[in-house]
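Quick notes on the structure that follows.
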There are 4 protein chains.
Amino acid sequence: MVRVGVVGYGYWGPNLVRNFSDVADCEVATVCDLNPDRRTLVARRHPSVSTTADPEDLIRDTRIDAVVIATPVSSHFELAMRVLAAGKHVWVEKPLALNAAQASRLVEQADRVGRTLLVDHTFAYTPAVRKIRDLVAGDALGDIYYYDSVRVNLGLFQHDVDVIWDLAVHDLSIIDYVLPDRPCAVSATGMAHVPGQPENIAYITLFFESSLIAHVHVNWLAPLKVRRTLIGGSRKMIVYDDLEASEKVKVYDKGLTMRQGPDDVYQMLAGYRSGDMWSPQLEIGEALHSEARHFVDCIERGATPLTDGRSGLRVVQILEAASRSMRERGRIVELEASQCAA
Amino acid sequence: MVRVGVVGYGYWGPNLVRNFSDVADCEVATVCDLNPDRRTLVARRHPSVSTTADPEDLIRDTRIDAVVIATPVSSHFELAMRVLAAGKHVWVEKPLALNAAQASRLVEQADRVGRTLLVDHTFAYTPAVRKIRDLVAGDALGDIYYYDSVRVNLGLFQHDVDVIWDLAVHDLSIIDYVLPDRPCAVSATGMAHVPGQPENIAYITLFFESSLIAHVHVNWLAPLKVRRTLIGGSRKMIVYDDLEASEKVKVYDKGLTMRQGPDDVYQMLAGYRSGDMWSPQLEIGEALHSEARHFVDCIERGATPLTDGRSGLRVVQILEAASRSMRERGRIVELEASQCAA
Amino acid sequence: MVRVGVVGYGYWGPNLVRNFSDVADCEVATVCDLNPDRRTLVARRHPSVSTTADPEDLIRDTRIDAVVIATPVSSHFELAMRVLAAGKHVWVEKPLALNAAQASRLVEQADRVGRTLLVDHTFAYTPAVRKIRDLVAGDALGDIYYYDSVRVNLGLFQHDVDVIWDLAVHDLSIIDYVLPDRPCAVSATGMAHVPGQPENIAYITLFFESSLIAHVHVNWLAPLKVRRTLIGGSRKMIVYDDLEASEKVKVYDKGLTMRQGPDDVYQMLAGYRSGDMWSPQLEIGEALHSEARHFVDCIERGATPLTDGRSGLRVVQILEAASRSMRERGRIVELEASQCAA
Amino acid sequence: MVRVGVVGYGYWGPNLVRNFSDVADCEVATVCDLNPDRRTLVARRHPSVSTTADPEDLIRDTRIDAVVIATPVSSHFELAMRVLAAGKHVWVEKPLALNAAQASRLVEQADRVGRTLLVDHTFAYTPAVRKIRDLVAGDALGDIYYYDSVRVNLGLFQHDVDVIWDLAVHDLSIIDYVLPDRPCAVSATGMAHVPGQPENIAYITLFFESSLIAHVHVNWLAPLKVRRTLIGGSRKMIVYDDLEASEKVKVYDKGLTMRQGPDDVYQMLAGYRSGDMWSPQLEIGEALHSEARHFVDCIERGATPLTDGRSGLRVVQILEAASRSMRERGRIVELEASQCAA
């Protein structure tokens, strides 16, 4: 039995409490939130769960094995360090920390105390992204040429982080999970349209050692919601539309075939091959439930989570580089060698 | 009566001949193509039109008032210079020339001889783009925050120019026509996936003096065709989907409203306003027909075309800067002051 | 304060309990379900609500003012009669009863005891259907020509009632709420594809005194889910797609205009007018919550519900007629005069 | 070499002339139209084709082997009879004739004179419908449960025939081609909304000997154009959307599987199986070109066309029965035994 405490009962906290409550061999013991109204809500919905305003109550509580941190990013580092120092396992919402230095120290601390550190990159646990990863890993696509994602929203403005840290973090964690290579350099552009507020639109290009190129468009102020990713390979291509009720993943038997030009034997022509489209049936089930169960499994078996601290660190490194490049109008920012040598 | 000669009867030539034939007070006299099969096709379809393999025949023909150049880009400059030198009006397919130096000399030459120079930026003549321009010019959108276009294709690979010159030229000419400001700097990224071939995927960011940002994504190797532009303003936003049979233009009564934060009188909150959507009925009619009629009108009235040599030059300047930036992984390239001081 | 008991905690019951719990001046006192697992679930989720296996416990409980019946259709009549006989208000899931005779007796009984009888035709409380009703009532559409609905599902097979009683009941209640006239006659066709099971596909045509025609297509075995209604008027037309996340209701400024034929002054030509499309912003909010609040309001103010017993009876009369017509391959079945004389 | 004459150069005639001109071993010799403007247009577009106002000129012309009839339906019978009597092959636009008696006499006449009679049911020559037919014939779908088609238009009002004869003729010819069985009885409903004009909306149900049911919805006054057909089988289901640019045909691996109920060994439960979706790549090519070539082939080889007079007759029999049923509000009309015993 893993006993869990949850810090932060805002937007995402209720989903976490509900899903951890449903996992076998797991129990939510305490929820911490500064806001008394939120604590009252917890008490009404989950009469058996105790509440507190002080995260230290969870951290000190010896009956609690693991702490879930669902607070604003700025508090992730300090809270997670204390949880690990108390010998507890920790689940941290995305992004892992405010910068790579913090993220790196969290990874070291988790290693030192031998506790599980999971970063909540939820998409890695969705049936759609898992199917895409299987297709890529199984070489169904051939050489991967590009990864192109559009993630635009209807006005959910954040005030503490820019749109890259808020939205592109999803795409970067999917890229980290799905693609065989890791990016070497970043160029990003973007703009803030509200005085005194962070950038609300951004375009990020990732370069790799190969000719693979990845691009992410994130925008808080779009007239419609879009969640569409194109992945192009030499053999097949994928369209992943997360807003499609069914047929989220479509695999196109299209690609490039090189052939000799008709007039000139020395000229290679790029021919486009067009074939069937196939949309695989995906498993049903809430990603967050799979992820909560995975966390409990990792704790019990001492295994490394799919989205461990290292993946959280890699994502933060790219976020940091992208924000820097964006502030310098697209100047290329090289990533650490450790990233690139995947 | 304006008598027209057409050089180049490849992919676009037949559309040009057909549309110029339909314009009142205009007659297609001669078509020039190197390929005898194409000339035979012209003769079969248009028995009254003469054909030739030599463009000089058109240029020398004193009964011809205007020449339409629909040949590969590399020949635009030389052909158009000779047409203008012969005192004839000229219509040049997009892009106007291989580089800004050439384009600039064409503009000067047209000025010197006092003849009409039109660059075929067809989209400026479509009912959808005209409606968008009217909405922007009439200040329906408020401050323009961003212009975001995706133009991706299923494998129509060009071998002589990169994807920016082939596809982004459309978006840059629409931007030139629709937006009130002109770009000051460009950052672009892209990649070539076929050895020995030009870049087949590219991402271009345009910066302006204001906080307006424009972005264009072009791709020859997508699994599906997309032609979608988002234009975000402070008051309203537009979605323009050129593949929609009806409802190509949708205007969303959505935007950003600033309000005081509840807890802190010093904090401005960005609020998102959501309202009705409206899709205006567009005029019916082929853009190329309107454009051909406009060319004939400009010749007869001595007027400056909507898409004149100067707009063609501005677009080529950006294309040149974008290709250069792309080859240097996003390095910012400043545009001439003449661009920026719109 | 209205104290509510709920009978039946199957598929829909949890939504009812949750929504009634949220209504001010209202409290869910007891939930009844035969299945002990369901009662345990109630206890876990709603610790303050008592449970029972015997509906008589609710009916006899003098502290309970109103009973919500969410059991299979076959039990509606008997349960609701007993609830009314005990002087309590009653909410009955759709359809009201197994046949018109039963429905009619329920209406009489509610009248006699002076208690509120609401039939849960939820769609009448959705913002989309309310907007459509306002447009129709405000004469925005002109003469209504047709109402055409497609409601097809992916395999949610019922075993006790045919597809008309399961799915078309929604469309018939929307028609009852939205259209100014009431149907006079019904012709229906359909088929059962599973031996021993009720009809799983059906097509229903409703005739009115005017030239209005309504048609409903319901199907349990479709490859994709469709919820699309077209409403055609002489001035405007509506497309209502309940599966659209935004833009559920689109109003087309299209219609028919009569004009004299060019060649023959005696011939009237039907001309089609095409104009803008407009998609109104809809209110946000769960329909079931509005409906629960409306039920409590009606009880407290002694008002007649929007979807009262009479509307429930009218719908059952059409269901009965449609099923009969379907079993006779489309034979016309006249409806009672009371229906037709709207 | 087959020499063809075309009678009628209205809406469809130009497509016929263009496609027959492209077929090898075939030549369009003469086009007949009453309207001198249309004849002038023919002369301009096809200088080598002669024109006439009198169909007798074609019928008498011994150098003409086959006549294509693209005139209003009311003239089909008389013209086609005279063409056949003159020993020429004949292509008749859909529907074949005004009633089954006429259609039947045309079939007899073609048999007697031993000439080819093709009815232009173009959809049978489209790659999409051919693929569907192959899937059905290859038993990919299992037992066919239903065929459901929606074909609604934006105001293309006909004045001489009702909407069934104008639009449903397409669906009935596809049904005739694709389905293994033939209908035994028809029930139809519909309405005319314009005084003095034919019915502009109609719903047709076809019954078969098996439990297969087919339904066709046709409407001239819809706010949007729809061309969508659902075909449900016990093993797989098809969605055919003719307005999709790509992916016109989607095959769903969904169906019904019967299983024992958990509580009652005597109760069979209908279970819904959900699987992958697959969209086959379709051949490219204009259906009318394939059909014209097929007509010439049949003439040269003495073969029976895919859409011969007998299929034209079967379709007319159903049209006649459907119109009659519609005028009697859905009364079932039995079809001839010859239809049903497919």
Within the range C:213-249, list the residues whose amide N lies under 20 Å from a label point set 7 Å along Cα→Cβ of C:E334. C:213-214
Using +1 at the C-beta of Lys and Arg and -1 at the C-beta of Asp and Glu, which of D:Q109, D:V129, D:A140 has the Cα lying farthest in the positive direction of the dipole of the range D:99-143? D:Q109
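With a Förster radius of 25 Å, plug the Cβ-Cβ distance of B:H159 and D:I284 into 1/(1 + (r/R0)^6) and report the FRET value to the nearest 0.05.
Values: r = 23 Å, r/R0 = 0.91.
Once the sixth-power term is evaluated, E becomes 0.65.
Please find the FRET efficiency linking B:R44 to C:D139, where r is the Cβ-Cβ separation and R0 is fixed at 45 Å, and quote it to the nearest 0.05. Kindly include the intermediate steps, with their values, before the conclusion.
Details: r = 58 Å, r/R0 = 1.28.
That pair, B:R44 with C:D139, gives E of 0.20.
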Given the rotation relating B and C, tell me which residue in B puts its Cβ closest to the axis and the distance in Å. B:W278, 3
Just to confirm the number: angle between the C-alpha axis of helix A:309-327 and the first principal axis of chain A, 0 to 90 degrees, nearest 10? 60 degrees
Points 7 angstrom from Cα along the Cβ direction at C:R18 and C:E300: gap in nanometres? 2.4 nm
Residues with amide H under 5 Å from that of D:D143, placed H, sequence gap 5 or more: D:S234, D:R235
Counting DSSP beta bridges with both ends in the protein assembly as shown, the antiparallel % (nearest 5): 60 percent
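Could you work out the relative contact order of the range C:79-180, using alpha carbon pairs under 8 angstrom and six or more residues apart, expressed as a whole percent?
On the way: 75 pairs, mean separation 29.6, N = 102.
Normalised by residue count, the contact order of the range C:79-180 is 29 percent.
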In whole Hz, the Karplus estimates of ³J(HN,Hα) for the range A:142-154 (6.51, -1.76, 1.60; θ = phi - 60°; x where Gly or Pro) are x, 5, 7, 8, 8, 10, 10, 10, 10, 9, 10, 10, 9
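Longest span of chain C, sites excluded, free of GluC sites (Glu not before Pro) in DSSP loop with at most 16 other C-beta atoms within 10 Å?
Working: sites that count: C:E209, C:E244, C:E283, C:E286, C:E328, C:E336.
Looking at chain C, C:1-208 is the longest stretch - no exposed GluC sites (Glu not before Pro) with at most 16 other Cβ atoms within 10 Å.
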What does the charge dipole of chain A about its Cα centre add up to, to the nearest 20 debye, if the Cβ of each Lys and Arg holds +1 and the Cβ of each Asp and Glu holds -1? 220 debye
For D:P180, which inter-copy label distances result when the label point lies 7 Å beyond Cα on the Cα-to-Cβ vector, reported in nm to one decimal and in ascending order? 4.5, 5.1, 6.8
Give the nm distances, rounded to one decimal, from D:S274 to the matching residue in every other copy, measuring between label points 7 Å along Cα toward the beta carbon; shortest first. 2.5, 3.1, 3.7
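Using a Förster distance of 41 angstrom, determine the FRET efficiency expected from the C-beta separation of C:Y11 and A:E56, and round it to 0.05.
0.40
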Taking the label point 7 Å from Cα along the Cα-Cβ vector, the copy-to-copy distances for D:A101, listed from shortest in nm with one decimal, are 4.9, 8.5, 9.8
Please report the spacing between the Cα centers of the range B:26-89 and the range D:68-93 in Å, no decimals. 45 Å
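Grab chain D and count how many Lys pairs have their alpha-carbon atoms under 17 Å apart, sequence gap of 8 or more, or different chains.
7
Every number here is computed from the coordinates shown, using simple stated rules; none is lab data. If you're wondering where the values come from, they're calculated on a predicted model, not measured in any experiment. FYI the Cβ positions are ideal-geometry reconstructions off the backbone, even for glycines, and counts take in every protein chain you see.
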